[in-house]
Amino acid sequence: MKLHLRKCLIILAVICLSACGCSDELSLENAATPLALGIDLDENDKFQYYITIPVFSKNINKKSQQGGGKAFTLRQSNSQQDAQTAGSVQGRNYQVLLIGKRLLEHEDWFRMLDVLFRDPRNTVMDRVIVIDSPVSEIIYLNKDDQPQLPILLRGMVETKSKKSETYATTVQDLHQLFYEKGISPYMAEVKIVKKELRLEGSALLNSRGKYEKSLNAQETALLHVLQKKAKPGVSFSYRIPGEPNIGPFATDMLSFTANKIKTKIATSYQNGRFVFDFHIKMTIGLSEHLFPYDVANDANKLEKQAAEQMKAQMEQVIRSFQKHQIDPIGLGIYARAFEYKAFKKVEDHWGEAFEDADVHVKLDLTIGAMGPIR
């Protein structure tokens, strides 16, 4: 009798849970699944949203449907999005979040993304990309010889981030970067050049979310090295002073691939300012040198020349961070870990403290491979 009663209670509980779990059931044929969400400001600084939804029909040549409009907030725009599509718009499948640079001219825009974190029906794994143009230009850029825009953009970001040439920053990563006082936000940046998409490198923001500067692919790779995030296989190219140019060709160029990278950061607080000492050791393989050079017998000289060029560019990148009072390296995290009392006094204006910091770089390059030809 007790066993029978227990089975009845279990069945009743399953029925109740099933009923509760299906209360917001939505049939697939009644849903619209946008793969891209864009936010921007128009010429009058009014908030704009954009969506791209794939179209699955052999009778329609167009691969996707675009929509957009003005709204006060993303959540308030839902009804407008539904009115532009054949189904109810769901945010679970976003692949990319596109942010116009005009929006990034204003601080505290990040609050507009509140619904993405508060409503569990939205994903936070979409890649965040800054658009160096109005978002509308890229949303309505449909080319027959390319995959759907969201798939293309996500693929570009994923591929180049594996080469340390950009960042596959997710919405969740962005949330962490905004609320971590010891680091500044960074993400991928895309430009439209002659109606063609071009992934430039990365965009850097200040602690309030305002756009500060951009890095090209090689500068982004250097930032990865400083962050201890560079993956083996990252490539660099430099012009070596003293080597001759032949005609219109850059025959003084040296290119190499970093196979082993070890970055150490020493942190201290001296005479009222933070001090950061980088010691970077890198084993490289030569992938290109366009000038005659006996690498086998005189590698030390070439190692020194390459290290000098790379160190100079790295120091230039760091100085630009300090000038803009941004810290995408995350040195504030080291300051908090090793000089907590000093950091607590400046954590709410870490960018200003970082501008005044002393940063030194020591770089050791070792040629581990020179290729199969002399």
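The values are calculated or read from the model by the stated rules, or taken from the named source; none is laboratory data. Since this is a predicted model, take the numbers as computed values, not measurements. Every residue, glycine among them, receives a Cβ derived from its backbone with ideal geometry; neighbour counts consider all protein chains shown. Note: accessible area is taken over every heavy atom of the protein model, side chains too, but ligands, DNA and RNA are not part of it. Shrake-Rupley method; radii C 1.70, N 1.55, O 1.52, S 1.80 Å.
Relative to the longest principal axis of the Cα atoms of the chain, helix 217-226 runs at roughly 80 degrees.
What FRET efficiency, computed as 1/(1 + (r/R0)^6) with R0 = 22 Å and r the Cβ-Cβ distance, is obtained for Asn216 and Lys362, rounded to the nearest 0.05? Efficiency computed from Cβ-Cβ geometry: 0.35.
Computed from backbone phi, the HN-Hα couplings of the range 326-337 come to 10, 9, x, 5, x, 5, x, 5, 5, 4, 5, 6 Hz, rounded to whole numbers (Karplus: 6.51 cos²θ - 1.76 cosθ + 1.60, θ = phi - 60°; Gly and Pro given as x). In order along the range 94-100, the Karplus-derived 3J(HN,Hα) couplings, from 6.51 cos²θ - 1.76 cosθ + 1.60 at θ = phi - 60°, round to 4, 9, 9, 10, 9, 10, x Hz, and Gly and Pro are given as x.
Please label the shape of the range 231-365 as rounded, prolate or oblate, based on the square roots a ≥ b ≥ c of the eigenvalues of the alpha-carbon gyration tensor (a/c under 1.5 means rounded; beyond that, a/b larger than b/c means prolate, else oblate). Present the calculation step by step, with values, prior to reporting the outcome.
On the way: a/c = 3.09, a/b = 2.35, b/c = 1.31.
Cα axes put the range 231-365 in the prolate bin.
Annotation: amide H-H contacts under 5 Å for Ser64 (H modelled 1.01 Å from N, sequence separation of 5 or more, or interchain): Val55. Taking the longest Cα principal axis of the chain as reference, the axis of helix 299-323 is set at about 50 degrees.
The angle between the Cα long axis of helix 2-21 and the longest principal axis of the Cα atoms of the chain comes to about 70 degrees, rounded to the nearest 10. Only the Cβ atoms of Lys and Arg (+1) and of Asp and Glu (-1) were treated as charged; on that basis the dipole of the range 90-192 about its Cα centre amounts to roughly 220 debye. Taking the protein heavy atoms of the chain in the context of the full set of protein chains, the accessible area attributed to carbon and sulfur is 52 percent at 1.4 Å. Each residue of the range 254-260 was assigned a 3J(HN,Hα) from its phi angle through the Karplus expression (A = 6.51, B = -1.76, C = 1.60, θ = phi - 60°), giving 10, 10, 8, 10, 8, 9, 10 Hz with x at Gly and Pro. Relative contact order for the chain: what is it in percent, counting Cα pairs under 8 Å that are at least 6 residues apart? Relative contact order here is 12 percent. Subtracting the Cα-Cα distance of Arg319 and Asn271 from 0.36 nm times their residue separation leaves 15.3 nm of extension gain.
Let me spell out the model: positive unit charges on the Cβ of Lys and Arg, negative unit charges on the Cβ of Asp and Glu, origin at the Cα centre of the chain. What dipole size does that give, in debye rounded to 20? Intermediate results must be reported in sequence, preceding the final value.
Values: 49 positive and 45 negative charges, 244 e Å.
It comes to approximately 1180 debye.
Sequence-distant contacts, meaning Cα pairs under 8 Å at least 6 residues apart, place the relative contact order of the range 228-374 at 30 percent. Of the peptides 109-116, 265-272, the ranking by mean beta-carbon count within 10 Å, highest at the top, reads 109-116, 265-272. In this simple spin-label model, placing a label point 7 Å from the Cα along the Cα-to-Cβ direction at both Lys162 and Leu141 gives a separation of 2.3 nm.
Dividing the summed -39500 (n - 2.57) terms of all DSSP H runs of n ≥ 4 by the residue count of the chain sets its mean residue ellipticity at 222 nm at -9000 deg cm²/dmol. Assuming R0 = 41 Å, what is the FRET efficiency of Lys194 and Lys344, from their Cβ-Cβ distance, to the nearest 0.05? Calculated transfer efficiency: 0.25. At a probe radius of 1.4 angstrom, the accessible area of the chain per residue rounds to 54 square angstrom. Annotation: amide H of Leu290 within the under-5 Å range of Met253, sequence separation 5 or more or interchain, hydrogens built in the peptide plane. Placing pseudo-labels 7 Å out from each Cα toward the beta carbon at Ser133 and Asp42 gives an inter-label distance of 2.0 nm. For Asp298, the accessible surface of its heavy atoms amounts to roughly 70 Å² (probe 1.4 Å, protein chains only, rounded to the nearest 10).
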